[in-house]
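Okay, structure first, notes after.
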Amino acid sequence: MATAAKETSIQPGAATQVTFLEAIKQAMYEEMERDPAVVLIGEDIGVYGGAFKTSEGLLERFGWERVIDTPISESAIVGAACGMSYLGLRPIAEMQFIDFIVCAFNQITNFVAKGHYLWNAPAPIVIRGPSGGGVHGGPFHSANPEMYFVHTPGLKVIYPSTPYDAKGLLKAAVRDNNPVLFFEHKFLYRRIKEEIPSEDYTVPIGKAVVRREGRHLTIISYAAMMHTSLEAAAELAKEGIEAEVIDLRTLLPLDEETILTSLKKTNKCLVVHEDTKTGGIAGEIAAILCERAFGDLDGPLMRVTALDTPVPYAPTLEEFFLPNKEKVLHAARTLAKY
Amino acid sequence: MKKELTKQQYLDLYYYMRLNRAVEDTMVKLFRQNKIVGGLYSSLGQEAVSVGSAYALEKKDWLAPMIRNIGALLVKGVPPRDVFMQHMAKYDSPTKGKDGTSHFGDLENLHIVSPISMLGDLIPVMTGVAMAGRYLGQKIVAMTWIGDGGSSTGVFHEGLNFAAVQKAPFVLILENNQWAYSTPVKRQVPLEKLADRAKAYGISSYSVDGNDVVAVYTTAKEAVERARNGEGPILVEVRTFRRLGHAQHDPAEYVPKEMRAYWEARDPIALYEKSLTGKKLLDAKAIKDIGEKIDKLLYAERDFAENSPMPPAEFAAHGVYCSGDDCHKIAPKWERPIAEVTPPKSSVAAVWTVKGFGSGKASDGGSAPIHFGDTEKHAKDAASAEEASQSANKPRGVKALAKKLAKPVAAGRAARKAGR
């Protein structure tokens, strides 16, 4: 049977180059090994192993009670996960595509998020799923709905950009006592690889990281656009513009200190995100800088984001819709001139 | 199956209905004195529903009330002062003033899940509670209520459908009080009998007179025990009537006079008092004594509630997040061997065993997950895969466990047999 081979592919213990997708799988596998309170719940996650194979092999290993295939009922998935958590379980709920998370919007924003504040009921659940565009998934399989939830007190919202962070943050999310939404940019699933440690580790929720040091301006980004920003920064360096690149990693709670520290050094800030412009995290960062570091700003906060439209399907349209390296370069050069 | 109640049980039901009504009467007074901060929702005439159904639960069982189920909370052990303080937004209330009405819970001791105002959301949540209880081996039953109006929500369907496919030990009381705010049930649901909702999910149901507390209790008890024994979720329609408006502000003039008169003549407490008196379980003196006992209790409870302070303003900023173990130490209470749900014992062949749908191999890339047709070949594949896994030093019992755990997805059998 193929089980043994599959298991070795997700065995911990070997420090190897792993994809983003493999890192997610490893995190779930290891957390389920570590703690029998961890269960998976979602559509097609068991026998099929998930639409993106993130839970492949987990049913074989952990059985029907811990890897629960559900009907197409996102509200029921989130609601049941919440109910399970009340008895001390730590469910990881999968949205097959994160676009469908809005089908469970009420359950998440009104039930799950408010429980601790209102009646002292923690709900240690993780809701995770593949998000983002650039893969021609069209308007209903490419969404970046993170900001609906960043606006909801009581949730934590994570959106990592590297396999190392994905694994460490997912583990931290499972162990957190709060409901955590975990966005996985599907463009990154198989496109990037990274060596990650063989031993157990977590990455703290709510901490941004400086991916590249620089002194002329700060580029703040996350998820797939973090890589676009790094590519742009490398090119800017050739022109003599040293951009510092910050990877937010967690959007709620937002690591204001890392942002402010960088801004004090560079005095200029460009935010790059794949989410649409209006109501995106860039606006929030602009407000924070105005409130807390107005005197340090030597130029306007600039934004490179997706257009304020649904995600279009045709490659030509989607390319126009999404931010890219050229758009980042253009904005960075403009900002550097201030 | 229905057993005669003990004298104590008869009297408990009576006491809790009286207490339920007295608590709500007290709150009407508090409301008129402007001591209740928000709205006040009455269950006048529906006491038998809350009391009779909640009384069918054991202490370890879980319930989640709706707004007209104060009686269920009292039966589960919530002191009246908590109900008063919730409505008065006091700092000593279970939510410390952050929410009102019956919107509070207790995960640790009483096993109560708080409702929210969005109807139906509790159904998948309590399904999850039931599933977690089964997973942990606790043999609990989860119960919640939904109104005739709330049964039209999407999440009612999602939740009950999921509970049904999971055969979760869950009892849903469909409290048909004929009115969803101002809209009559006929405009809400195109069914004569709301219990027929159950047919859509292939689950058992009952329809019972909601103003007969003994009928509600015995039916709920039977449903609870069937759910506990693995028969899956059960829907119990209780037919009753909302005697007052949606809330205190609403005179409910849209309700036909004859309808109101019919139900007012069938007051559940008056009916039950008559029945108990006929059975010689109650007499005028006992009735008076119980009334005095409740008055005395509620006087003290109300006094406590009124003396509780309002929450300090800055408390509004606190408690959005759990800060960790210092805030909540989360630990499931296992009542079965953990080894049953951890490898190697938990390991199974990832193959559907749904009769009539064939069985497809899992995700090893070769074949589609579910094949229509060619059923035998794939059943054979599955069997040989299981054998292979056995011979590859798999521990004994994996096959049996796999079969046992695969039961709930066996649609044909699921409808007839009790599950795991």
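Where does helix A:281-293 land angle-wise versus the long Cα axis of chain A, in degrees 0 to 90, nearest 10? Its long axis makes an angle of about 60 degrees.
DSSP assigns beta bridges within the protein assembly as shown; of those with both partners inside it, close to 15 percent run antiparallel.
Taking 0.36 nm per residue of sequence separation and removing the Cα-Cα distance, the B:Tyr15/B:Thr277 pair yields an extension gain of 92.9 nm. Simple point charges give the picture: +1 on the Cβ of Lys and Arg, -1 on the Cβ of Asp and Glu, and for region A:17-195 a dipole about the Cα centre of about 280 debye. Packing order of peptides A:265-276, A:249-260, A:77-88, A:295-306, highest average first: A:77-88, A:265-276, A:249-260, A:295-306 (average count of other Cβ atoms within 10 Å over each peptide's residues). The largest-to-smallest principal axis extents of the Cα set in region A:25-128 are 39, 29, 19 Å. Place +1 on the Cβ of every Lys and Arg and -1 on the Cβ of every Asp and Glu in region A:17-195, take the dipole about the Cα centre, and give the residue among A:Tyr164, A:His151, A:Pro130 whose Cα lies farthest towards its positive end. The Cα lying farthest towards the positive end belongs to A:His151. Length gained on full extension, B:Ala317 to B:Arg260: 16.0 nm, using 0.36 nm per residue less the C-alpha separation.
Counting only DSSP beta bridges whose two residues both lie in region B:113-203, roughly 25 percent are antiparallel. Relative to the longest principal axis of the Cα atoms of chain A, helix A:20-34 runs at roughly 40 degrees. Packing here is the average count of other Cβ atoms within 10 Å per residue, and on that basis the peptides B:326-334, A:123-131, B:126-134, highest first, run B:126-134, A:123-131, B:326-334.
Normalised by the number of residues in region A:17-195, the mean separation of alpha-carbon contacts (under 8 Å, six or more apart) gives a relative contact order of 28 percent. Each label was represented as a point 7 Å from its Cα along the Cα-to-Cβ direction; for B:His249 and A:Ala237 these points are 6.3 nm apart.
Determine the shape class of the protein assembly as shown: with a ≥ b ≥ c the square roots of the Cα gyration tensor eigenvalues, call it rounded for a/c under 1.5, and otherwise prolate if a/b is greater than b/c, oblate otherwise.
Working: a/c = 2.32, a/b = 1.45, b/c = 1.60.
The shape class here is oblate.
Determine, from the Cβ-Cβ distance of B:Glu58 and B:Lys7 and an R0 of 25 Å, the FRET efficiency 1/(1 + (r/R0)^6), rounded to the nearest 0.05. Result of the calculation: an efficiency of 0.80. Among beta bridges from DSSP that stay inside region A:17-195, the antiparallel ones total about 15%. Between the helical axis of A:325-336 and the longest alpha-carbon principal axis of chain A there is an angle of about 40 degrees. Which links in B:Lys90/B:Lys288; B:Lys29/B:Lys90; B:Lys3/B:Lys60; A:Lys171/B:Lys345; B:Lys7/B:Lys60 stretch past 20 Å when you go from one Cα to the other? Violating the 20 Å Cα-Cα cut-off are B:Lys90/B:Lys288; B:Lys3/B:Lys60; A:Lys171/B:Lys345; B:Lys7/B:Lys60.
The label point for A:Thr16 and the one for B:Lys333, both projected 7 Å from the Cα toward the Cβ, are 4.4 nm apart. Counting only the Cα atoms, region B:7-317 fills a convex hull of 135 Å³ per residue. Excluding same-chain neighbours fewer than eight residues apart, the aspartates and glutamates reachable from B:Lys285 by a Cα-Cα span under 20 Å are B:Asp12, B:Glu273, B:Asp295.
Working note: Cα atoms of chain A, range along each principal axis, descending, whole Å: 60, 46, 40.
Checking the cross-link pairs A:Lys53/A:Lys193; A:Lys265/A:Lys337; A:Lys53/A:Lys325; A:Lys156/A:Lys207; B:Lys221/B:Lys296 against a 21 Å limit on the alpha carbon distance flags A:Lys53/A:Lys325; B:Lys221/B:Lys296 as lying beyond it.
In peptide A:43-51, what is the residue-averaged number of other protein chain Cβ atoms found within 10 Å of each Cβ?
Details: counts 0, 2, 0, 7, 14, 8, 6, 1, 0.
That average works out to 4.
Over chain A, what is the mean sequence separation of C-alpha contacts under 8 Å (at least six apart), divided by residue count, expressed as relative contact order in percent? Mind showing how you got there, number by number?
Values: 735 pairs, mean separation 53.4, N = 338.
Relative CO of chain A lands at 16 percent.
Bear in mind that the values in this text are calculations on the coordinates, not laboratory data. As the structure is a prediction and not an experimental result, all values here were calculated from the model. When we count neighbours, we look across all protein chains shown, and the Cβ atoms used for this are built from the backbone with ideal geometry, even at glycine.
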